[in-house]
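What follows is a short report on a single structure.
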Amino acid sequence: MIHPLAGRLAVAVQRVTATALGPYQSAIVRIGFSLTWLLFLLREFPHRRELYGPDGPWGWDMAGQLIAENHAFTVLMWSDSSAWFEGVYAVAVLACVLLLLGWRTRTTSVLFMVGVLSLQNRSIFMGDGGDNVIHLMAVYLVFTRCGQVWSLDARRALRTASEGRRADRWGPPLWGVLGLLLLAGTLTHRIGGEWWLAVLLWTLWAGQGVWWAVNRWAPGSEPRTLLDVLANLAHNAALVVIMAEVCLIYATAGWYKIQGSRWQDGSALYYPLKLDYFTPWPALSDLLSSSGLIVMALSYGTVMVQVAFPFTLFNRKAKNVLLAVMMLEHAGIALLLGLPFFSLAMIAADAVFLPTSFLRRLGGWVATARDRVLRRPGRIPEQRAAPEQQVARTLVG
């Protein structure tokens, strides 16, 4: 007779290996971070050369000395020409757009990571805190199957299943071009001083080739099942790491605040509201800072929410309430302190904890609004599709 605990363990192992958990959560994280980085790159486009390029105060020589010490990865140090910088910046923007739409997410997530690391490691002093979160999440997203829903990949998978197998026109050429670039970077010793990055990139490239070959010539075989199991394990592990990272960010931020005297007496929020750099709306900042009770309540409330959040994961209702509070808090930071991209990055990270039921309703609302906007006169309304199909079409026409 099988022990009940052993049976539950077997069910858990089966679920972890057979299913990529949290498809909606990983999709909203993908959309959130790609959108955040895209908006940042577009806003700073007129100043890109001063921030990360050849016209910046953090010059080529200083960046080279730092990278020689910390062995950080950035393709911007492969050449000091303006054309190379402009090309890398353009590819970073394009990778954001493609990842946002969910086109070839296995490939575009790697390009997104390369773009983030290249720009941020070129000038490490450019950022407001949200860049650190994007830096980490760009690496984690590579290991997730974040294109299961709300993506062009999902729509293509639905069409392939309904219309039969079709030749992959974009996959092999894209794989070949990226392989040549990776080979060139490896042979010229420009991938970076850390060997693990070269191993990671080559493993991802080879794995993509194996995945395509098995899908093409042995779609229902044991190797295909094994690849699915490995991909599910990597996805689920990365999702757990993302959740743990968010909890660690809030826990450390909250506990460090507790140790500060300004947070202990409830006056911490008063000081940034009096700094010109953090007051995009001076009248609103003066109004809030003039009330000691409001400043104290917001200061204490911030600490309590950040410290308590990791412990509320064991209670779904409490977790959802604090999650909404934290998202509103970050929206307030964006408005009051003028840190929109930091707030967007944290909201995107928080989204990994959003309930699946809410995300599915959100996808349905967006799909309905899109259909109403794109509806043409005289068009016969389509029959309402399954929730998965509606969500897969949310971002596409």
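Things to note:
- In order along the stretch 267-273, the phi-based Karplus estimate (6.51 cos²θ - 1.76 cosθ + 1.60, θ = phi - 60°) of 3J(HN,Hα) comes to 10, 4, 5, 4, 6, x, 5 Hz; Gly and Pro are listed as x.
- Point-charge dipole on Cβ atoms (K/R +1, D/E -1) for the chain, about Cα centre, debye to 20: 1940
- Ranked by how many other beta carbons lie within 10 Å on average, peptides 261-270, 107-116 from highest: 107-116, 261-270
- Aspartates and glutamates whose Cα lies under 16 Å from that of residue 317, excluding same-chain neighbours fewer than 8 positions away: 350
- Solvent-accessible area, 1.4 Å probe, carbon plus sulfur percent, for the stretch 1-96: 68
- In Å², nearest 10: area of residue 368 left accessible to a 1.4 Å probe: 50
- From phi via Karplus (6.51, -1.76, 1.60), per-residue ³J(HN,Hα) for the stretch 283-288 in Hz, x at Gly/Pro: 5, 5, 5, 5, 5, 5
- Backbone geometry of the stretch 364-370 corresponds, through the Karplus equation with coefficients 6.51, -1.76 and 1.60 at θ = phi - 60°, to 3J(HN,Hα) couplings of x, 5, 5, 5, 5, 5, 5 Hz, x marking Gly and Pro.
- For the peptides 128-136, 214-222, 283-291, the ranking by packing is 128-136, 283-291, 214-222, with the highest mean count of neighbouring Cβ atoms within 10 Å listed first.
The values are calculated or read from the model by the stated rules, or taken from the named source; none is laboratory data. Remember, predicted model here, so these are calculated numbers, not experimental data. For neighbour counting, all protein chains shown are included, and Cβ atoms are generated from backbone atoms with ideal geometry for every residue, glycine included. Surface accessibility is based on the protein's heavy atoms, side chains included, excluding ligands, DNA and RNA. Shrake-Rupley method; radii C 1.70, N 1.55, O 1.52, S 1.80 Å.
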